[in-house]
Amino acid sequence: MNILFDIASVLAISATLMMIISKNAVHALLYLIASLLAVSVIFFILGAPFAAALEVIIYAGAIMVLFVFVIMMLNVSSTEQKMEHELLKPKAWIGPSIISAILLGELVYMLASPTSHSMLIQEVLPRAVGKLMFSKYILVVDLAAFLLVAGIIGAYHLGQRKKISHHRYLKNENQTS
Amino acid sequence: MNIPMEQGILLAAILFCLGLTGLLVRRNVIFMLMSVEVMLNAAGLAFIVGGAAQGNADGQVMFIFILAMTAAEVSVGLALIIRMFKEFKSLDIDKASTMRG
């Protein structure tokens, strides 16, 4: 089991790295999907099959398809070329990389404690997740529903075309002004 | 099946820092949104690892909430990207650095 975990984590890290440095948006998206699938394998190994299924269905299946649609809608090939030159200069990426490397070093230093907790992994089935979600966390479920409704309304409002006033008084006002 | 908990948290930390690097380095809005996805996914992985260490379902419940939040965030973010592309004819974030009403 340990070797499976190692392989999946190396895959996830390398796919994410390729996502960051790739120049084509569609290639980056495919690398991101590979990274998400590797993380889903890790969820299976850690005994969370419901979370792994949700990762594949919602992350890799729904959210990434939204990205694909938007990339296809916006024809980004003209802006790609300029980005490429900007990315190749080391001045552009060395500062942020140092910052996040320091952050990662701090995290690793905190994790490198002498006491090691080994997880005794047992499967947590969807029944337990559902029972807990609809008893203890029912208020948070409501809040998530509010958030999703707000997201739908916000996306609809932002994606609207130019505003047309159908009301005749407003139309007259616009014509006179 | 004996995986040290530190390995899982370490993987989550590495993925989070990679996403942070991508967010800081790239200037394309789509790449920035994808890096935010990676960071949120790493946060969910940390929750799952914590839940697996305790052996209860709380980690998975929090992962589901992170998933719902990500879905809402991505829908609004992609609508903003489309709006920005219509406005500026570009996906460069530096083009949108001036505030006009």
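The values are calculated or read from the model by the stated rules, or taken from the named source; none is laboratory data. Just so we're clear, the structure is a prediction, and the values are computed from it rather than from any experiment. For neighbour counting, all protein chains shown are included, and Cβ atoms are generated from backbone atoms with ideal geometry for every residue, glycine included.
The figures follow:
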{"item": "Residues of the range A:115-160 that turn out to be in contact (Cβ under 8 Å) with a residue 24 or more places away in the chain and within 8 Å of chain B (Cβ to nearest Cβ), as a count", "result": "5"}
{"item": "Check on B:Asp58, at the interface with chain A (Cβ under 7 Å from one of its Cβ atoms), farther than 23 Å from A:Ala150 by Cβ and at pLDDT below 95", "result": "yes"}
{"item": "Residues within the range A:1-49 that are more than 18 Å from the chain's Cα centre (by Cα), among the hydrophobic types (A, V, I, L, M, F, W, C), within 19 Å of B:Met62 (Cα to Cα) and assigned to a helix (DSSP H, G or I), tallied", "result": "2"}
{"item": "The listed residue being within 21 Å of B:Ile93 (Cβ to Cβ) and either facing chain A (nearest Cβ under 7 Å) or in a helix (DSSP H, G or I) (or both), out of B:Gly44, B:Gly8, B:Gly77, B:Gly51", "result": "B:Gly77"}
{"item": "Output for the range A:105-127, where each listed residue is surrounded by 13 or more Cβ atoms within 10 Å (Cβ to Cβ) and more than 30 Å from B:Ser75 (Cα to Cα)", "result": "A:Leu107, A:Val108, A:Leu111, A:Ser118, A:Met119, A:Ile121, A:Glu123, A:Val124"}
{"item": "Number of positions in the range A:43-62 that are within 7 Å of chain B (Cβ to nearest Cβ), surrounded by 19 or more Cβ atoms within 10 Å (Cβ to Cβ) and of a type in the set (A, V, I, L, M)", "result": "4"}
{"item": "Filter result (modelled with pLDDT under 90, assigned to a helix (DSSP H, G or I) and more than 23 Å from the chain's Cα centre (by Cα)) within the range A:85-107", "result": "A:His85, A:Glu86, A:Leu88, A:Pro90, A:Lys91, A:Ala92, A:Ile94, A:Gly95, A:Glu106"}
{"item": "Flag for B:Val29 being buried (at least 21 other Cβ atoms within 10 Å of the Cβ), within 7 Å of chain A (Cβ to nearest Cβ) and not hydroxyl-bearing (Ser, Thr, Tyr)", "result": "no"}
{"item": "Conditions (1) more than 8 Å from every other protein chain (Cβ to nearest Cβ); (2) out of contact with any Lys or Arg (no Cβ under 7 Å at 6 or more places or on another chain); (3) modelled with pLDDT under 85; number of the one not met by A:Ser165", "result": "(2)"}
